[in-house]
1. Run down ALA257, ALA285, ALA279, ALA238 and say which single residue is touching a Lys or Arg at 6+ places or on another chain (Cβ under 8 Å), assigned to a helix (DSSP H, G or I) and either of a type in the set (A, V, I, L, M) or not assigned by TED's automatic domain parsing to the domain that holds SER191 (or both).
2. What number goes with the only condition from (1) surrounded by fewer than 22 Cβ atoms within 10 Å (Cβ to Cβ); (2) under 30 Å from GLY174 (Cα atoms); (3) touching a residue at least 12 places away in the same chain (Cβ under 8 Å) that GLY9 does not pass?
3. Just give me the residues in region 170-207 being crowded, with 17+ Cβ neighbours inside 10 Å and either part of a helix (DSSP H, G or I) or more than 16 Å from the ligand (Cβ to nearest atom) (or both), in sequence order.
4. Please determine whether any residue of region 58-65 is within 16 Å of the ligand (Cβ to nearest atom) and either in a helix (DSSP H, G or I) or under 24 Å from ILE253 (Cβ atoms) (or both).
5. Select from region 32-57 the residues that are more than 13 Å from the ligand (Cβ to nearest atom) and among the acidic types (Asp, Glu) and list them in ascending order.
6. Tell me which residues, restricted to region 234-246, are crowded, with 22+ Cβ neighbours inside 10 Å and either more than 13 Å from LEU316 (Cα to Cα) or small (Gly, Ala, Ser) (or both).
7. In region 260-274, how many are in a loop (DSSP other than H, G, I, E, B) and aliphatic (A, V, I, L, M)?
8. For region 131-146, does any single residue satisfy the condition of being more than 20 Å from ARG62 (Cα to Cα), in a loop (DSSP other than H, G, I, E, B) and among the hydrophobic types (A, V, I, L, M, F, W, C)?
Amino acid sequence: MFARIAGVGSYLPGSPISNTDLIQRGVDTDNDWIVSRTGIKSRHLADAGCTSSELAYEASCRALESAGVKASEIDLIIVATSTPDFIFPSTACLLQSKLGNQGAMAFDVQAVCAGFIYALNLADKLIRSGSHKKALVVGADVFSKILDWDDRATCVLFGDGAGAVVVEASETPGILSAAAHADGSYNGILSVPGSVCGGKVTGDPFLRMDGQAVFKLAVRVLSEVAKECCEIAGVAPAEIDWLVPHQANIRIIESTAKKMGLGMDKVVVTVDRHGNTSAASIPLAFDLAVRDGRIARGQKVLLEGVGGGFTWGAVLLEF
Ligand code: UT7
């Protein structure tokens, strides 16, 4: 029994916001710095009232439509997000309500930018165990709500969005291998170190990052986990048709591809248009490349992500 991707969908709020638009909004930065250090030219930012569950709903409707599956048929909903609508109930339960689904197991996964990989890994295990048949796996984040717009070293990097896949039990592949890891000793290099106590936010409610430490660790663990996934599946990196990496920084993406011996013509890149959309970035990029015809049925695709925690993981699949 395999878990197979039956459909994909994604959603970006509003119009693209360019680097120049950010400068006009008062951010002390310049286009050349952002493009040369990160590859980011624009991103989408949600309106103040827009929530992760709203973006997740739009992406999910598109994924369900592309799979030809009704919301009522879904028996598992996993939403990867670090920007949930509420402390509780989970964004997955809010999404379930919006979709009109009843009875599915629904929960959130919090593994920051590696969240979608964690969620897909879990869906694979639950489907292969026989306990679930049709899963909706979503990455949705509105990082614009947790950015300090006076911290130019972080606020220019992120965008908002959502991506979703429908995964179903299948006798043909399917997800071939999945690996996920964490090292909590690195909790301080990428965090939002605030909490709620006595009805008030205590500590710092904004994203803080040691960019250089994140950069070095990301390049190391991404190539290690890519290798691990290939070894588990018995697939050589040269057999991979498409690498769909987390979209944080073009230099991290290029380094990982190089370490795997893959040309950039085999890598899906959206960081230039989306920025870093955290848990949404991988399914957003995957959906884009499926819809524009690059990723085709039967091809081998490696998805990989890395994020705060520190967390990382990869999924190798035959589409
Ligand atoms: O999902 C994982 C999420 N995070 C990542 O993947 C981030 C990984 N790290 C990175 O991508 C890079 O470390 C950054 C792009 C964040 C930063 O690049 P860097 O080469 O590590 O720059 P830096 O932080 O060392 O800053 C270098 C200079 C500083 O100026 P001085 O002190 O040398 O004069 C900063 O003030 O760049 C300046 N700077 C900026 N200048 C214009 C920092 N941010 C900006 C900015 N615009 N937005």
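The values are calculated or read from the model by the stated rules, or taken from the named source; none is laboratory data. If you're wondering where the values come from, they're calculated on a predicted model, not measured in any experiment. Cβ: placed from backbone, ideal geometry, glycine included. Neighbour counts: every protein chain shown.
1. ALA257
2. (1)
3. Correct list: GLY174, ILE175, LEU176, SER177, ALA178, ALA179, TYR186.
4. We begin by selecting, within region 58-65, every residue within 16 Å of the ligand (Cβ to nearest atom); these are none.
Taking every residue of region 58-65 in turn, none turns out to be within 16 Å of the ligand (Cβ to nearest atom) and either in a helix (DSSP H, G or I) or under 24 Å from ILE253 (Cβ atoms) (or both).
5. ASP47, GLU54
6. Selection gives HIS246 alone.
7. So the count comes out to 3.
8. Of the residues in region 131-146, the ones more than 20 Å from ARG62 (Cα to Cα) are 131-132, 143-146.
So of that shortlist, the ones also in a loop (DSSP other than H, G, I, E, B) come out as 131-132.
Cutting the leftovers down to among the hydrophobic types (A, V, I, L, M, F, W, C) gives us none.
The answer is no, given that none of the residues of region 131-146 is more than 20 Å from ARG62 (Cα to Cα), in a loop (DSSP other than H, G, I, E, B) and among the hydrophobic types (A, V, I, L, M, F, W, C).
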